[in-house]
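No lab work stands behind these numbers, since they all come straight from the coordinates. Here the structure is a predicted model, which means the values were calculated and not measured. Here Cβ is always computed from backbone atoms with ideal geometry, including for glycine, and neighbour counts include all displayed protein chains.
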Amino acid sequence: MAIPRETVEQILQAAHIEEVVGEFVTLKKRGSNLWGNCPFHNEKTPSFSVNPARNIFKCFGCGKAGDSAKFLMEHEHFSYPEALRYLAKKYNIKIEEREQTAEEIMQQSIREKMFNINEFANKYFVDTLWNTDEGKTIGLQYFRERGYLNPIIEKFQLGYSPAKWDAFTTYAKQNGYSDELLEQIGLSLKGNKGLYDRYHGRVMFPIHNLTGRVIGFGGRILVNDPEKKSPKYQNSPESEIYDKKQTLYGIYFAKNAIARQDECILVEGYFDVLRMHQIGIENVVASSGTSLTMEQIRLVKRYTKNITMLYDGDSAGIHAALRGTDMILGEGMNVRIVVLPPEHDPDTFGKDFSVEYVSNYLKENAKDFIRFKTELLLKDAENDPIKRGQVIRDIVETISVIPDSIFRITYVKECSRLLDMPEQTLTNELNKILRAKLKKTLGIEDNVVVPVPETNATTQNQDETVEDQLPAGYYQERELVKLLLMYGKEMIVDERINESGERILEQVSVAQFIIDDLKNDGFVFTNAVNQKIFNIFDHAIDEGIIPDDSFFVSNEDETIAERAADLLSSPYKLDQWEKYGIFVKQEQDVLKATVLSSIYRYKDLIIEARRKAVEEELKTAADPDDQLILLKRKKDLDDIRMQINKELGIVIAK
C-alpha cells in the first residue's frame with residue numbers, strides 16, 4: 001500500500017521539527033531558532049540549526065538540511081515511507097494507504113510473506129534455544145562455552161534449530177506456511193522423502209536489514225558428520241529480500257555507533273562481531289566470510305567514509321586484508337588495516353583481553369593501507385629486483401584508483417619515501433596508468449595520445465577556481481528563488497501604465513511579480529533545480545493557488561526539497577536584539593525594493609554575459625553583413641544594460 005499525498009502532508013504538518021530532532025540532539029534556543037552540535041559530523045561549536053517556524057533543520061557545517069522526514073532518513077537511515085510511518089505513529093495519525101496495482105500487490109505480497117516467515121522462523125529458533133531441553137543443553141551451552149553472555153545472545157536473537165531433520169518444516173506447515181514458500185526462502189530443502197530443514201542441528205544467526213527485519217540466516221553445525229561432509233556454516237540462499245552482496249552482518253546493531261564514531265570496523269565472521277559488541281566496541285560489522293563487494297562498501301559509506309579492516313594474524317588473514325582495499329579506495333573512502341597477533345582472531349582476542357587493551361591495540365596498530373601494503377609486499381619480495389618492480393607497479397596501481405588527485409599526490413610522496421624511489425618516477429608511472437584507464441573508458445586505441453592532467457602540484461595550481469566556473473548570474477538566480485520561497489505569497493504594489501497612458505497601482509503576489517517580469521523578457525534559469533521551482537510557481541499562479549515553503553521543503557523531488565531547505569535556512573542568529581532596543585531592518589520592510597533589485601542585478605549579469613559573447617563573435621566574423629548584425633545586437637544589449645543600471649540606481653536610492 002502507498003501513502004496518499006494528503007496523508008503525507010498531514011503527517012509533515014503535524015510533525016514538529018524541534019520535537020523530532022530533540023529526541024536525538026540536545027538543542028538550545030538562541031533567537032528564533034534552536035541550535036546544537038550536528039549529529040552528522042564531529043564539531044565543537046554548534047552549527048546545527050532547527051527552525052520551528054519553517055519546520056526545517058540545517059547544518060551550516062556539513063550542509064545537510066530538510067524536514068522531519070529527511071532528518072530521520074539521514075539520522076536513522078530510514079526509507080521515506082519508513083520515516084513517514086514513524087512520524088505517523090509518533091503523532092497518532094492513522095494511515096489509510098491507497099490501493100496498489102495488481103503487479104505491486106503481487107510483488108509486495110511475495111516480499112511480505114518472506115519477511116513474515118523469516119520472523120516466524122526466528123521466533124521458533126530463539127524459543128527452541130531458551131525453552132527446550134535440547135536447545136538449552138546443546139545450543140545455549142555451546143554459546144556459553146564460547147564465553148557469550150545472555151545479553152549478547154538476546155541482543156542478536158541467536159537461536160537453535162533441532163537436530164531432527166524436519167522439526168521446523170513440520171511446525172511451519174502446521175502453522176499454514178506452504179512447501180513452496182519454505183523452499184523459496186531457503187528454510188527447507190527438497191529431498192527424496194519430501195522437505196527437510198536446511199539448518200537442522202545448528203546454532204542460528206539471524207541476518208537483519210537496516211530496519212531490523214530478518215532477511216536471512218546463518219547456521220553453524222555443532223556435530224560434524226564425516227560421511228555427509230556438511231559445511232561448517234550454512235547460509236540462506238539469495239531471495240527477493242536477501243542479497244548477500246548488499247548485506248553486512250550486524251549492520252542494524254552497529255549503524256548508529258558507526259555514524260557516531262565516524263568509523264566502521266570490518267571483520268570476517270559472526271562470532272567476531274558478537275565478541276566486539278560484548279566487550280563494548282559496537283561499530284563492527286562482518287562480510288560473513290564472503291569477499292567484500294562494492295555494494296557492501298557503499299552500504300558502509302552511508303554512515304562513514306572511514307573503514308578499519310581487522311583481520312586474523314595468520315598469513316591468509318594478512319593477505320585477505322588486501323582484498324577489497326582497491327574497491328574501498330575507489331569509492332573515495334579512507335581505509336586502515338589492523339592485523340592481530342598470529343595466534344588470534346577478533347573473537348579470541350576480544351575474549352582474552354579487556355576492552356581497554358583491545359581499543360588501545362586497534363589505535364596503536366592501525367596502519368594506513370599504503371604503509372601496510374608496501375611493507376607486506378616488500379617483505380615478500382625481499383631482495384629480488386623483479387619482484388620489487390612488481391611490488392612498485394602493484395602499489396602505484398592501487399594509488400591510481402583513488403578519485404581525489406590531492407590524495408593521490410600525498411600517497412605518491414609517502415610511497416616514494418617508503419620505497420626509496422624518486423617521486424617523479426612514481427608520478428610518471430601513475431600517469432601512465434591513468435591514461436590507460438581513460439583510453440579504456442573512452443574506447444580509444446592505444447596508439448592515440450590522450451592528455452591526462454599530471455598528478456603533481458604544478459598542474460593542480462593551474463586549475464580554474466570554482467568561482468571562475470560558475471555561470472553568469474549564479475548567486476542572483478539563487479537569490480530570486482529564495483525570494484520566491486520565502487515571500488512568494490506576500491503582496492506588493494505593482495505600478496504600470498495602461499494603454500491610455502494612465503498610471504495604475506495594483507496588488508500582486510511577489511511570485512507573480514517575479515515570474516511575469518522574467519517571462520516577459522524571456523529569461524530562463526540556468527540551474528535545472530531552480531528552473532523546476534520557477535515552473536512550479538508559474539503553474540501555481542495560473543491555478544490561482546501559490547504554494548508555501550513547506551510544499552517545497554517536503555517535496556517528493558529530493559533535489560527540490562534539498563534546495564528549498566538550503567535557501568530557507570540562514571546562518572545568522574539575531575539573539576533578542578529588540579530587547580536591547582536594536583532593531584534590524586528585515587527584507588520584509590523593503591520587500592518590493594529587494595525584489596526589484598534582485599531582478600535587475602540578475603538581468604544585468606545575464607545581459608553582460610551575452611554582450612561579451614557577441615564581442616567574441618565579432619572578433620572572428622569576416623562577413624560584413626554578419627558584422628552589422630552583431631554590432632546591432634551589441635548596441636541593443638548595451639541599451640538594455642543602461643536601462644537596467646538606471647533602474648538599479650533608482651532602487652538603490654530608495
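Amide hydrogen proximity for Tyr303: with H placed 1.01 Å from N in the peptide plane, no residue at 5 or more positions away or on another chain lies under 5 Å.
Centre-to-centre separation between the Cα atoms of segment 237-253 and those of segment 627-647: 63 Å. The relative contact order of segment 332-409 comes to 31 percent, based on Cα pairs under 8 Å that sit 6 or more residues apart.
Peptides 370-378, 559-567, ordered by how many other C-beta atoms sit within 10 Å of their residues on average, highest first, read 559-567, 370-378. Scoring 180-192, 478-490 by mean Cβ neighbours within 10 Å over their residues and listing the highest first yields 478-490, 180-192. Phi angles across segment 423-430 convert, under the Karplus curve 6.51 cos²θ - 1.76 cosθ + 1.60 with θ = phi - 60°, into 3J(HN,Hα) values of 4, 5, 4, 5, 4, 4, 5, 5 Hz, Gly and Pro given as x.
Under 5 Å from the amide H of Lys64 lie the amide H atoms of Cys59, each residue being 5 or more positions distant or on a separate chain, with H modelled from the backbone and absent for Pro and chain starts. Working note: Karplus 6.51/-1.76/1.60 with θ = phi - 60° gives segment 79-90 the couplings 6, 4, x, 5, 5, 5, 5, 4, 5, 4, 5, 5 Hz, where Gly and Pro are set to x.
Cβ-Cβ distance of Asn535 and Glu180, R₀ of 60 Å, FRET efficiency by 1/(1 + (r/R0)^6): the value works out to about 0.75.
Can you tell me the FRET efficiency between Asp384 and Lys432 if r is taken as the Cβ-Cβ distance and R0 is 30 Å, rounded to the nearest 0.05? Let's see the in-between values first.
Values: r = 23 Å, r/R0 = 0.77.
Given R0 = 30 Å and the Cβ-Cβ separation, E is 0.85.
Our coupling estimate for segment 4-10, obtained by passing each phi through the Karplus curve with A = 6.51, B = -1.76, C = 1.60 and θ = phi - 60°, is x, 4, 5, 6, 4, 5, 4 Hz, Gly and Pro reported as x.
Quick one: net charge of Arg198's neighbours, Cβ under 12 Å, K/R +1, D/E -1? The partial results should precede the final answer.
Numbers: positive: Lys190, Arg202; negative: Asp166, Glu183, Asp197.
Overall, the nearby charge balance is -1.
The Rg/Rh ratio of segment 108-301, with both radii computed over alpha carbons and Rh defined as the Kirkwood radius, is 0.96. Taking 20 Å as the limit for the C-alpha separation, the pairs Lys28/Lys301; Lys373/Lys437; Lys603/Lys646; Lys519/Lys632; Lys64/Lys305 exceed it in the case of Lys28/Lys301; Lys373/Lys437; Lys519/Lys632.
Arrange the peptides 635-641, 113-119 so that the one whose residues have, on average, the most other Cβ atoms within 10 Å appears first. Before the final figure, lay out each step's value.
On the way: 635-641: 14.9, 113-119: 18.4.
Averaged packing, sorted descending, gives the order 113-119, 635-641.
Distance between the C-alpha centres of segment 125-174 and segment 505-534: 66 Å, rounded to the whole angstrom. For Ile95, the amide hydrogen comes within under 5 Å of no other amide hydrogen, counting only partners 5 or more places away or on other chains and with H modelled in the peptide plane.
Mean projection of the Cα convex hull over all viewing directions, computed for segment 5-90: 5.4 nm².
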